[in-house]
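Written below as structure tokens is the structure these notes are about.
Only the coordinates and a few stated rules stand behind these numbers; no lab work does. Keep in mind that this is a model prediction, so the values were computed, not measured. Cβ coordinates were reconstructed from backbone atoms using ideal geometry, including for glycine residues, and neighbour counts include every protein chain displayed.
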Amino acid sequence: MAQHRSLLAAGVVLLAVGAPVHAGERLFGYSYEPTTMPAGAVELEQTVTPRLGKAGGVFSEFDMRSEIEVGVLDYLQTSLYLNTDMTRAADARSGRHNAGFITNDSGDQRFSDFSFDSISNEWILKFLDTVADPIGLAAYVELETNGSEFEIEEKILLGKVIGQFSIAVNLIFEQDFRARENEPNRAIHFNLAAGVAYRVPDTPLSIGLEFRQENQLDFYTQYTHSVISIGPNVHWATEHWWATITVLPQIASPTPSYKSFDYDGYEVIEIRLIVGVEF
């Protein structure tokens with residue numbers, strides 16, 4: 001009898017939270033939930049992030065990440081990324097008092113470039129579950145390089161599923177090491193990403209809201225860039241694939257270098273689309 005009650009309780013929990021259609025699906029564009037794929041599961045993901053607008057002129061950058069994601073253990077997964085970007089600018093300005101036009105590596109202020117950016121390797125280790133435990137907890141690390149530059153990003157992933165609602169909070173720490181002469185050769189980032197989403201019952205639709213706050217310190221001490229963004233996100237899951245889109249307009253910059261917005265380090269608006277297919 002006790003066993004039957006346990007099975008019934010487990011079934012009620014699954015019905016209440018609306019279990020994900022795909023093991024590796026992401027409800028948010030920028031915020032990671034503290035979940036991992038089961039051992040042996042494989043998923044392909046494509047992420048496209050348009051970054052649009054500066055203080056003046058014309059500017060657009062499309063960051064593209066092609067990913068293969070693999071469940072190593074039920075609580076451990078890894079991913080390999082190929083990162084490319086396409087940038088177009090015409091007399092784009094950053095908005096700083098003494099800043100000139102935004103240029104490419106050749107010094108052109110009118111350009112359209114496509115380039116290989118880097119490769120990345122990501123690992124996520126889950127400690128606590130978002131449903132079974134009081135709060136979900138996972139550790140994240142990503143290594144990225146293009147041969148001459150190196151980045152390492154660490155995250156603490158927190159989350160909770162309550163009925164149809166999913167909450168995710170990420171504490172992010174990143175270190176950059178660059179060889180470029182026109183950029184600081186080292187920098188650190190302290191970031192926060194958070195999101196809340198609601199799964200509409202009996203539909204493949206989830207809707208939510210995401211928040212991002214990023215800070216960059218050049219040479220580890222100079223507080224140079226910061227941005228606060230908030231915007232809506234939509235998630236759609238079918239039997240064979242899922243997609244998530246988040247729209248994040250920049251709403252403020254706390255750094256003293258800018259009046260209200262940081263159009264040097266960031267753009268007017270970002271839009272992130274992620275599509276995943278599970279095998």
Quick one: order 178, 212 by neighbouring beta-carbon count within 10 Å, fewest to most. 178, 212
Charge-dipole axis of the chain as Lys and Arg at +1 and Asp and Glu at -1 on Cβ define it, positive-most pick from 56, 84, 115: 56
Along its three principal axes, how long is segment 181-230 when you only count alpha carbons? Whole Å, largest extent first please. 54, 17, 12
Among 37, 86, 64, which comes first, then next, by fewest other beta-carbon atoms within 10 Å? 86, 64, 37
Can you give the charge dipole size of the chain about its Cα centre, rounded to the nearest 20 debye, using +1 on the beta carbon of Lys and Arg and -1 on the beta carbon of Asp and Glu? 840 debye
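Can you give me the relative contact order of segment 121-256 as a percent, contacts being Cα pairs under 8 Å and 6 or more apart?
Averaging sequence separation for qualifying contacts and normalising by length gives 14 percent for segment 121-256.
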Which whole-percent values make up P(r) of the chain when all C-alpha to C-alpha distances are grouped in 5 Å steps starting at zero? 1, 6, 10, 15, 19, 17, 12, 8, 6, 3, 2, 1, 1, 0, 0, 0
Neighbouring Cβ atoms within 10 Å as the yardstick, rank 239, 183, 210 fewest first. 239, 183, 210
When only C-alpha pairs under 8 Å and at least 6 residues apart count, what is the relative contact order of the chain, in percent? 19 percent
Karplus 3J(HN,Hα) series, Hz, for segment 266-279 with 6.51 cos²θ - 1.76 cosθ + 1.60 (x for Gly, Pro): 9, 10, 4, 8, 10, 10, 10, 10, 10, 10, x, 10, 9, 10
Checking the cross-link filter: which aspartates and glutamates have an alpha carbon closer than 13 Å to that of residue 126, excluding same-chain neighbours under 8 positions apart? 33, 74
Under 1.5 on a/c is rounded, so check that first for segment 194-279, then, if it is not, pick prolate when a/b is larger than b/c and oblate when it is not; a ≥ b ≥ c are the square roots of the alpha carbon gyration tensor eigenvalues. prolate
